[in-house]
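The values are calculated or read from the model by the stated rules, or taken from the named source; none is laboratory data. No experiment lies behind these values; they were computed from the predicted model shown. Virtual Cβ from ideal backbone geometry, glycine too; neighbours counted across all protein chains shown.
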There are 2 protein chains.
Amino acid sequence: MSTAASPTETETARLLRVLEAAGKRNTAQRVAICRALAAHPGHPTVAEVFASVREEFPMMSQATVYNTLETLRELGAIIQLDIANHDHIHYDLDVRPHVNVVCRHCENIADLHIESVTALIEEAGARSGFEINHTAGLILYGVCPECRSGFSDLGAEQSSGAEQSAGGRR
Amino acid sequence: MSTAASPTETETARLLRVLEAAGKRNTAQRVAICRALAAHPGHPTVAEVFASVREEFPMMSQATVYNTLETLRELGAIIQLDIANHDHIHYDLDVRPHVNVVCRHCENIADLHIESVTALIEEAGARSGFEINHTAGLILYGVCPECRSGFSDLGAEQSSGAEQSAGGRR
DNA sequence: ATCTCTGCAAACCATTTGCACGCTT
DNA sequence: AAGCGTGCAAATGGTTTGCAGAGAT
């Protein structure tokens, strides 16, 4: 391991580099948070990051996690995923413009790298006059293949039966 | 007024029609809520709808408003806008696939009808295997023209100064 | 008679906030 | 010495929930 590091290592380093470049202090807590983020495969929530970090730093407070994640988001190092009807905010380490598809039943989140997204964002900026910054995910909602086959009767959503399986409130 | 009604009337009728088609009872409260929705030009929040309806029905409870809006959303009659860092959920009467652009400073929401959105949604569905239902808005974030010129110094977002002007908690 | 819908009001709980202490610069 | 960052713990407040009564079918 000299030139190439593990993806996790690389990601951690990237996050820390962003913080450093912004003149932020790389405290032990922040390093731990960045590592926890990078270690999580999917789209970690604040709670998940908090839990991971707690193992190493039992004293760490939620506020620190919230602060750091918000800082990283402001700096564009991570993307915020505010998913309708989900209790927790998710984060996405993949900052390249892409689409997140969320299942309304099992709450699964899929990443979809579609070419035209970049063009869409550019066109949206041009047409609206907004300066678009991709610090939040582009989210689409639907029903994933597993849930579609599992609950064979409810094709779309207007079913009366079991809405949402895992999550809940808001 | 015989063949053509006002847009507001039309919209109200559309909402009621959807409810009726789904076998829901068109109670006085629901009619009032639909009217309030249709009367609101932009992207009304639950609180706004509630306030409007309260003028006519001082007894109406929040629960009823929440219930009805959720019902309308399930039926695809309105679109839910879960905007990051906004305190309230917004709704959009325009159910055609489109993009909503949100200003991170003034919380303004713009509608953008971009051709390629439909194609994007279809491609996302095809590639992910999800059955995508457009009951939530496709949201992009940025800084609107007014805020860009107003706060001339903060071009992007990583400024240290005043984040968010109007809103703020969650 | 049955079932849906509404009003009421308490409960929920993720997120936010204020302050004081500690550590870095 | 000055300031950023953290821990702590309480507050916040939009949204949800349970239940009983009213109204529709």
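For the reader, a short list of remarks on this structure follows.
- From the options B:ASN67, B:ASN100, residue that is within 14 Å of DNA strand D (Cβ to nearest atom) and either assigned to a loop (DSSP other than H, G, I, E, B) or more than 9 Å from chain A (Cβ to nearest Cβ) (or both): B:ASN67
- Residues that are farther than 15 Å from B:ALA36 by Cα and more than 9 Å from every other protein chain (Cβ to nearest Cβ) within segment B:74-83 comprise just one, B:ILE79.
- Restricting segment B:124-170 to residues that are charged (D, E, K, R) and within 16 Å of DNA strand C (Cβ to nearest atom), the residue that is modelled with the lowest pLDDT is B:GLU163.
- Among (1) within 14 Å of another protein chain (Cβ to nearest Cβ); (2) away from DNA strand C (no atom under 11 Å from the Cβ); (3) touching a residue at least 24 places away in the same chain (Cβ under 8 Å); (4) not aromatic (Phe, Trp, Tyr), the one test that A:HIS86 misses: (2)
- Filter result for A:GLU48 (in a helix (DSSP H, G or I) and surrounded by fewer than 16 Cβ atoms within 10 Å (Cβ to Cβ)): no
- Considering residues of segment B:122-138 that are within 7 Å of chain A (Cβ to nearest Cβ) and farther than 14 Å from A:VAL143 by Cβ only, the residue surrounded by the fewest Cβ atoms within 10 Å (Cβ to Cβ): B:ARG127
- Considering the conditions (1) exposed (fewer than 13 other Cβ atoms within 10 Å of the Cβ); (2) among the hydrophobic types (A, V, I, L, M, F, W, C); (3) part of a loop (DSSP other than H, G, I, E, B), A:MET60 is excluded by exactly one of them, (1).
- The C-beta contact set for segment A:43-64 (first residue under 19 Å from A:ASN26 (Cα atoms), second residue part of a loop (DSSP other than H, G, I, E, B) and within 13 Å of DNA strand D (Cβ to nearest atom), distance under 7 angstrom, 6+ apart or interchain) comprises A:VAL53/A:MET60; A:ARG54/A:MET60.
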